[in-house]
Structures are given as C-alpha cells and as structure tokens.
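Take a look at the structure below.
The values are calculated or read from the model by the stated rules, or taken from the named source; none is laboratory data. All figures in this text were calculated on a predicted structure; none of them were measured in a lab. A quick note on method: Cβ atoms are made from the backbone with ideal geometry, for glycine too, and the neighbour counts reach across all protein chains shown.
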There are 2 protein chains.
Amino acid sequence: MTPPPATRQAAPPEVLARCRDQVRPALAQAVRQLHPWHAEMAAFSLGWAATDGSPAPGSQGKGIRQALTLLSAEAAGAPAQDAVVGAVAVELIHVFSLLHDDIMDGDETRRQRATVWKAYGTGPAILAGDALFALAVQTLAEAPGRHSAAAVRRLAGTLTDLVRGQADDLLFESRPWSGPEAVQPHEYRWMAENKTGALLGCAAGLGAVLAGAPDTTVEALARAGRHLGVAFQAVDDLLGTWGDPEVTGKPVHSDLRRLKKTYPVLSALATDGPAARRLALLLGTGNPLADTEARRAAELVEEAGGRTATLAEAHRQVDIARRSLETVPLAPAALGEILALFPYLVDRTG
Amino acid sequence: MTPPPATRQAAPPEVLARCRDQVRPALAQAVRQLHPWHAEMAAFSLGWAATDGSPAPGSQGKGIRQALTLLSAEAAGAPAQDAVVGAVAVELIHVFSLLHDDIMDGDETRRQRATVWKAYGTGPAILAGDALFALAVQTLAEAPGRHSAAAVRRLAGTLTDLVRGQADDLLFESRPWSGPEAVQPHEYRWMAENKTGALLGCAAGLGAVLAGAPDTTVEALARAGRHLGVAFQAVDDLLGTWGDPEVTGKPVHSDLRRLKKTYPVLSALATDGPAARRLALLLGTGNPLADTEARRAAELVEEAGGRTATLAEAHRQVDIARRSLETVPLAPAALGEILALFPYLVDRTG
C-alpha cells in the first residue's frame, strides 16, 4: 500500500486552527445579522466577548465540527471555501444546542464561565437559542449555488435527531439505576448517536453535500462523523469522571456527584456483578454524592469494568468511522487530516 | 364593477372549519413523527388531548393561519391541497412560538388550560418547542414539488423576524413608561409586525409560493397577511383590556394588571396630556395593579384616546392589507373568502 502523498498534512492543532480561521469571518458576519441582544449572547457563548460585549477571549472550543465540514469538502474534491457556509450553520446549531441544553440540564458554568441563561436569564437564553437556530436554517437556505436545498434537508433531519437525543437524555434522568427499567448501554449509545453524533455527522455530510459529492460519498462521511461523535461523547464521559480538574475545569468526579447517567456508569451497572450492585445502592438514594461517596462510586465503576468498557467503545466507534471512510474514494491529503483527528480527539485530556 | 361569482363563498366560520378539516390529517401525521413525549405536548398544545394523552378536545383556536395559507393558494389559482404542507409548517411554528413565549412571558394559562411549561416543566417545554421548530423546517424541506426550496427560504426569513419581534417585546418590559426612553407607538407597531405579522404574512405568502405564483402575487399576499397580523394584535390588545372575561377567558383588565405595554396604553401615553400623565404615574410604580387601580388605568387610557387610536390602527392595517390584494389578479371566490375574514377578525370579541 502506498502512503498518502505528504504534500500537505498538518498536525491536528494546526488543522483545527486553520479551519477556525477560515470560518471565523463568515461566522462573525452571520452573527452580526442577529438582533443586537442576541448577537451579544452569541459572542459571549462563542468565547469572543464578555457579558458587557467587550472583547474577552474565552475558550473557543476545539472547533472540531467546523473542521470536519471543511475537510470533508476537500476530501470530496472541492475547495474548503465552498463549505464555509455549512460550517457556519453547524456552529450556529452547536451554540443553539448549548444554550438550550444548559437550561434544561441546570448547568451554571461552561468552559469556566457562566452559562448564557445564568448570565442573561432563562427567557433571553431561550430566545437567543431560537434566533441562532433560525439563522442557521436561513444561512443554508439562502446559500448561493446548487446545493442549498440538499444542505437544508440534511440540517433539518439533523435537528430532529438532535432534539430526539436530548429528549432521551432528559428521560433517562427519571429512570431507575437497577431493575428492568434501568437504562441499558445500547440505549445510551443510541441517545449519544443522536445527541452528539448527529451534529458531527451533519458537519461532515454538509461538507460533502456542498462539494457536490455523490450520495455514497456524502453518506460515508456523514456516517464517519456520526460515529466519531459517539466516540467523542464516550471520551467526554471518561473525562467527566476521571478527568483532571485542572484541565477539564470541572470538579473531580463531576458527573458522578451529579448522578449523571453516563456510559461508564451504565456499562458498569449492566455487568450486574457485586461491584455493580454496590454501585446501584450508592447511586440509588437520589441524593448528589459527597466527596468520599463519589470517589467510592468511581472505584466501583472501575472495578465493574465501566472505565475499560467505555474506552473500548470509543475505540470501536472510531474504527467504524475509519472503515466508513475506506468505502469511497477521497482526496488523500484531506483524508489524512481527518484520520489524524480521530486519535487526537479520543486521547485528549480535556 | 361586477360582483365576484357567488359559486362558492362561505361565511368565515365555515371557511375556517373547512380549512382546519383539510389540514388536520397532515398536521396529525407530522406530529406523529415527533418523539412520543413531544407528540404528547404538541397534542396538548393543539387542543387535541389532555396532559395524560387522552382525547379531551380543548379550544383549537380559530385556525386563521392555516386558512390563509390554503385560501392564498386558491387565490393564486392552485388547489388548496397544494398548500397543505405549508399550512402544517405554519401551524407547527405557531405552536413552537406559543410554547417558548409562554415560558419567557411567565404565562401560566392559555385558552383556559395550563400552558405547556406549567403542565410539563420548563426544560421539556423548551425542547418540545425546538422539536416543533425542527419538524416545521423538515416538513417544508422534504415537501415534494418544485417549490420546496423557496418555501423553506420564506419560512427561515419569517423565523428570524418572529424572534426579533419577541426580543423587542421582552426589551420593552424594562423601558420606562414616560420620558425619552418610553416605548413609542411606532416601535410597538414594528414589534407587532414582526411578532404577530410575520407568521400571518408567511402563512399567506407560503400558500402562493406553493401554488407556484409569480413573485408579485406572493409579495402582495404576504404583505396582506403581515398587516392583517398587526390588526389582529391591535384587537388582541383591546380584548386584553376591555374584553369580556367570560369570552376571552382572561380576568378583566388583564393586560393592565400585569403592566403589559400594549398599543392602547402606549398610544394613550404618547398623547402626553393630563390623562396620559396621570396614567404614567399609576403605571410607574412597577407593582401589578389591583382591581380599582386597573379600572382607573383603563379609564385613563380611554380618556387619553388610546382605545380609539387602537381601533383606528386596526382598521388602518386592514385597509393596507385589502389594498395590497387589489394590486394583483386573484381568483375571485378565494379572494372573497379572504376579504370576508378581515372584518370577522377585527370585530371579534374573543
């Protein structure tokens, strides 16, 4: 097998930065179309500004979604620029979902700053989310070129999946930790495929759609993005329990303290062994866990194999993603950059 | 001038019922695509079911938007059936906006039942709204025929306007009752044109778009719908202060008690005469008004001419709507039914 030509293959951090830089002007222009109040909340949420509107660069996130859109377009043989409008729509939807999900989940901080509803109020945060949602649809619907309608169809299907995933996640909260009604790992996987996978799948798929790629190419890239999303969620779950608070910005054992139903816990419980049963008792009181209880729960999850199972699941999902990309011809340089993102995202620490 | 042929011109209640009946199966089918939890909330909000999902017909509203969509298609020379998908999208957006606006406005009842957030919780109501929004876009994006993309573009622009109007309405709340920062009647009109007018304009415009009408026809119908929407809002404001509680289902002087900035109050205050100044003092304490204060405030609004000005504004808007329809050729029977809706909506008592 010949290795891909090494004409241009930057390391993941450079790739992500390059894509962020290419999308930023169009994203900023889209945000300027919003009502000034919503533009301010969007700039805050995007890490561009403080609550008073002054420039105060916060963390802007890795930008994995926008990178996937541009790289997918290149992989499908088009210039990245053709897909910028898709990357903008995906970023707007990402911010929309953060704004609304943070309200539903009662999360008060994100990336070590206040969440939008906490800083601006619930009503304004709901409306700003709606504004971003509308702007995303409008951006694609009014995009020039022949692929606008197909892009909108893909985004609309994604939104439906996204909402379905969030609904299942919310409903998991009221399900018991053990017994026949307990949430099974496969149900969690399905939820994550919708809640996290759908938007990454859309990001990759939109790049190919806007590149005018054939359906098989669009589907292969979308499928890869979707499974990468599930892997991403699994790693997020690992970091939510065993991540370094200095890096993640969240307290140690954060997800366990808050009794979040995550993949490590659910796969531990599903083993139904002695550690799983002790874990179910510990979690089943319904009260948030204190320091020692959370540490004990983390040990039990690990003892029951939940940590190993989650890491294995992340790798399994990445393998599916990788294999999906082998089914269609793609431009080698861009493909190489996409593939290099996979271990970078799975082995991250924050 | 020859009168329009009297082959088919039913009275407004019959027209509205006929259109509701024609849209209902497609709307029900769309709602069935939702996550079951969201389908339940949608059915509740549409007045089809009680909170336990059992059939419990509540008020389903007049259905003015869906009627405008079907009649506009007919006025543009197409069968009403061609526009059913547009009517479904508009109804879904209407319910979405009710769900979210009721949270933002803190409204606990609507049509004499609990609002969705009150019955199901804030988080679920936010998400159900998002689901309806996504479904509306998807419904149009996947509609068969050549006009789907144009229909999505029109819906997307409408959503942007809708959100902008709601933002202005929320921001009005924190503005003073008098002085240079007071909300002026023309600002209120602009807000209402977005918040209420945009969706009625979209309803009418979509009917014409889906009928394949030329741009001038689409714009004439959309413009008529938009102005009809402002008239509708003005009448709503009159009913919110002087409506019969037995008919409206709201307490007497409801809007004044809650210090809502409505057209009658704002146009009364803008006269800046003695009654306006007494009214500003009464409202300016910032506390909700008790029975006698609310009655006194209603008298002052009337004395300052706010009630007359609002009714005049409603009629002025309907005149603009009517004139807009005279600028293009339209099928006489459907046009007659559209025009008959105007006085029906302006002279309504609930």
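Residues in segment B:58-69 that are surrounded by 15 or more Cβ atoms within 10 Å (Cβ to Cβ) and closer than 20 Å to residue B:200 by Cα: B:61, B:62, B:63, B:64, B:65, B:66, B:67, B:68, B:69.
Does residue B:168 satisfy being surrounded by fewer than 24 Cβ atoms within 10 Å (Cβ to Cβ) and more than 14 Å from every other protein chain (Cβ to nearest Cβ)? Show your work before the answer.
Values: surrounded by fewer than 24 Cβ atoms within 10 Å (Cβ to Cβ): yes; more than 14 Å from every other protein chain (Cβ to nearest Cβ): no.
No: the conditions fail for residue B:168.
Mind listing just one residue for me: the one in segment B:17-57 that is modelled with pLDDT under 90 and touching a helix residue (DSSP H, G or I) at 6+ places or on another chain (Cβ under 8 Å) and, of those, surrounded by the most Cβ atoms within 10 Å (Cβ to Cβ)? Checked segment B:17-57; the qualifying residue surrounded by the most Cβ atoms within 10 Å (Cβ to Cβ) is B:49. Of all residues in segment B:174-186, none satisfies being in a helix (DSSP H, G or I), within 12 Å of another protein chain (Cβ to nearest Cβ) and surrounded by fewer than 19 Cβ atoms within 10 Å (Cβ to Cβ).
I need the helices (runs of 4 or more DSSP H) fully contained in segment A:59-165, keeping only those with at least 3 residues that are more than 10 Å from chain B (Cβ to nearest Cβ) and basic (Lys, Arg).
Numbers: elements: A:64-75, A:84-105, A:116-120, A:122-141.
In segment A:59-165, no matching helices (runs of 4 or more DSSP H) lie anywhere.
Residue A:152 meets the conditions (1) surrounded by 24 or more Cβ atoms within 10 Å (Cβ to Cβ); (2) over 25 Å from residue A:79 (Cα atoms) in every case but one. The failed one is (2).
Take the residues in segment A:252-296 that are of a type in the set (Lys, Arg) and touching a residue at least 60 places away in the same chain (Cβ under 8 Å), then tell me which one is nearest to residue A:176 (Cα to Cα). Full working, then the answer.
First, the residues of segment A:252-296 that are of a type in the set (Lys, Arg): A:257-258, A:260-261, A:277-278, A:295-296.
Narrowing the set further to residues that are touching a residue at least 60 places away in the same chain (Cβ under 8 Å) leaves A:261, A:277.
Details: A:261: 10, A:277: 13 Å.
By that ranking, first place goes to A:261.
Consider residue B:105 carefully, then state whether it is crowded, with 21+ Cβ neighbours inside 10 Å, under 30 Å from residue B:170 (Cβ atoms), among the charged types (D, E, K, R) and under 20 Å from the mean Cα position of the chain (by Cα). Judged against the criteria, residue B:105 is not a match.
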